[in-house]
Amino acid sequence: MTIAMNSEYHDNFQSAQAEAGEKLDRSVQKSLFDRMEWLKQLHEQCLPDTQPLIVHSAENDAQAWMFLTKKRFGNYTALANWYNFTYRPIFTGKFDEVTKLALLAGVAKKLKSLSHHIEIAPVPEEDYAASLTERAFEQAGWVVFKSKADDNHILSVNGRTFDQYWAERPGQLRNTVRRKAKKNIVSIRIETEFSAEHWADYCDVYAKSWKPEEGSPDFLKNIAQQEAAAGCLRLGLAYIDGKPVAAQFWTVENGEALIHKLAHIADATKSSPGTLLSVAMFQHAIDVDRVKLIDFGTGNDPYKREWMEDVRTRYRLEMFWPNNPLSWLPILRHRMSALVGKR
């Protein structure tokens, strides 16, 4: 028997959690960024001044969820920031592609009465999330504009050992590692458990590095503790004379390694501690954790090309409800821009 689809929205995480139960937990959701614990902490610690809008639709035991935050009246954006590798609608239960499309169209229809403009990024396409979202919103009557938001650099291990992978790296990189490693100045450790001492070393490196000030150090610390408890933390630290000079924060789960953060102290660059630490982290991920994929997140930093082999596009989707007069001018601007771009 088919049960009619219903769509609801929540303006707080407490009621959304009660509705979702365990369906958005680690045991069900493969991706870190699709879990309630990630989304809730991200909102509380990084976006506390924003009003959440959590919309979901259900048919039988299948559900689609979309987590948004309010920018201004009728204008919503993805509940995501620079910590996210991806943002997409989240599905639970038993579903096929037809059901996913119908569920997401249900979310889009519900949003008509709540918003006239929605912008989401960085949406992946390897699982067809970008095209599915675009299609579902268009079916619900929205005008959708899809554009490139960023690049995502990855390494598909393809069964290689680290030595096999390393033999294919650029000669200059391999020569640098060979020369610096011979000096035996840098000592390295990779931690899988969280400790205040090691996290303090990580924070010390980051504070003294070229990186901008951390947007929400408490959020990152909580994620590190959470992932350590689940056995997923890989915290790499490099030392010279007992002082931390380079640090990397990775997580490993479901055959994938995510490189969340890396930094080194500029004064130590002549010893290349960051590069030597990267070698150790890649070797651990490939030979010990036996991951199938290493994900360097978003951004086109030149050094990523030395380590990674493939690039995936991350998309931005802007959806406008055309029956609202506030959407008319933005829709016109987007269409005119597209016409100019084709010339």
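The values are calculated or read from the model by the stated rules, or taken from the named source; none is laboratory data. Note that the structure is a prediction, hence the values are computed from the model and not measured. Please note: Cβ atoms are built from the backbone with ideal geometry, for glycine as well, and neighbour counts cover all protein chains shown. Heads up: the accessible areas ignore ligands, DNA and RNA and are worked out on the full protein's heavy atoms, side chains in. Shrake-Rupley method; radii C 1.70, N 1.55, O 1.52, S 1.80 Å.
Results, tabulated for the structure shown:
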quantity: Options SER272, SER337: the member that is at pLDDT below 95, polar (S, T, N, Q) and within 25 Å of ASN175 (Cα to Cα); calculated: SER272
quantity: Search result, residues across segment 206-238 that are hydrophobic (A, V, I, L, M, F, W, C) and within 20 Å of PHE282 (Cα to Cα); calculated: ALA224, ALA228, CYS232, LEU233, LEU235, LEU237, ALA238
quantity: Count of segment 141-179 residues which are within 22 Å of the chain's Cα centre (by Cα) and in a strand (DSSP E or B); calculated: 12
quantity: Failed item in (1) touching a Ser or Thr at 6+ places or on another chain (Cβ under 8 Å); (2) in a strand (DSSP E or B), with ALA228 passing the rest; calculated: (2)
quantity: Count of residues meeting criterion [closer than 20 Å to LYS183 by Cα, open to solvent by 10 Å² or more (accessible area, probe 1.4 Å) and in contact (Cβ under 8 Å) with a residue 12 or more places away in the chain] in segment 224-252; calculated: 4
quantity: Residue in segment 282-297 that is at pLDDT 95 or above, among the hydrophobic types (A, V, I, L, M, F, W, C), under 30 Å from PHE137 (Cα atoms) and open to solvent by 30 Å² or more (accessible area, probe 1.4 Å) present; calculated: no
quantity: Hits in segment 192-218 (condition: surrounded by fewer than 16 Cβ atoms within 10 Å (Cβ to Cβ) and in a strand (DSSP E or B)); calculated: none
quantity: Those residues of segment 119-140 which are buried (at least 18 other Cβ atoms within 10 Å of the Cβ) and more than 19 Å from the chain's Cα centre (by Cα), in sequence order; calculated: GLU134, ALA136, PHE137, ALA140
quantity: Pairs where the first residue, in segment 48-60, is over 7 Å from SER7 (Cα atoms) and the second is surrounded by fewer than 14 Cβ atoms within 10 Å (Cβ to Cβ) and charged (D, E, K, R), C-beta under 7 Å, 6+ apart; calculated: GLN51/ASP11; PRO52/ASP11; LEU53/ASP11
quantity: Selection status of ALA238, among the small types (Gly, Ala, Ser) and assigned to a helix (DSSP H, G or I); calculated: no
quantity: Every pair of residues 6+ apart whose Cβ atoms lie under 8 Å, when the first sits in segment 149-173 and is over 30 Å from TYR315 (Cβ atoms) while the second is loosely packed, with under 11 Cβ neighbours inside 10 Å and of a type outside the set (Lys, Arg); calculated: none
quantity: LYS100 being among the charged types (D, E, K, R), open to solvent by less than 40 Å² (accessible area, probe 1.4 Å), under 15 Å from SER57 (Cα atoms) and in a helix (DSSP H, G or I); calculated: yes
quantity: Every residue from segment 78-96 that is over 15 Å from LEU132 (Cβ atoms) and of a type outside the set (S, T, N, Q); calculated: ALA78, LEU79, ALA80, TRP82, TYR83, PHE85, GLY93, LYS94
quantity: Residue identified as among the hydrophobic types (A, V, I, L, M, F, W, C), touching an Asp or Glu at 6+ places or on another chain (Cβ under 9 Å) and under 19 Å from ARG88 (Cα atoms) among ALA149, ALA121; calculated: ALA121
quantity: Unique match (being open to solvent by 60 Å² or more (accessible area, probe 1.4 Å), in a helix (DSSP H, G or I), closer than 24 Å to THR298 by Cβ and of a type outside the set (A, V, I, L, M)) among LYS182, LYS221, LYS270; calculated: LYS221
quantity: Unique residue being more than 23 Å from ASN81 (Cα to Cα) and touching a Pro at 6+ places or on another chain (Cβ under 9 Å) when the list is GLU306, GLU318; calculated: GLU306
quantity: Flag if ASP25 is free of Cβ contacts under 8 Å to residues at least 60 places away in the same chain, open to solvent by 20 Å² or more (accessible area, probe 1.4 Å) and either in contact with a helix residue (DSSP H, G or I) (Cβ under 7 Å, 6 or more places away or on another chain) or part of a helix (DSSP H, G or I) (or both); calculated: yes
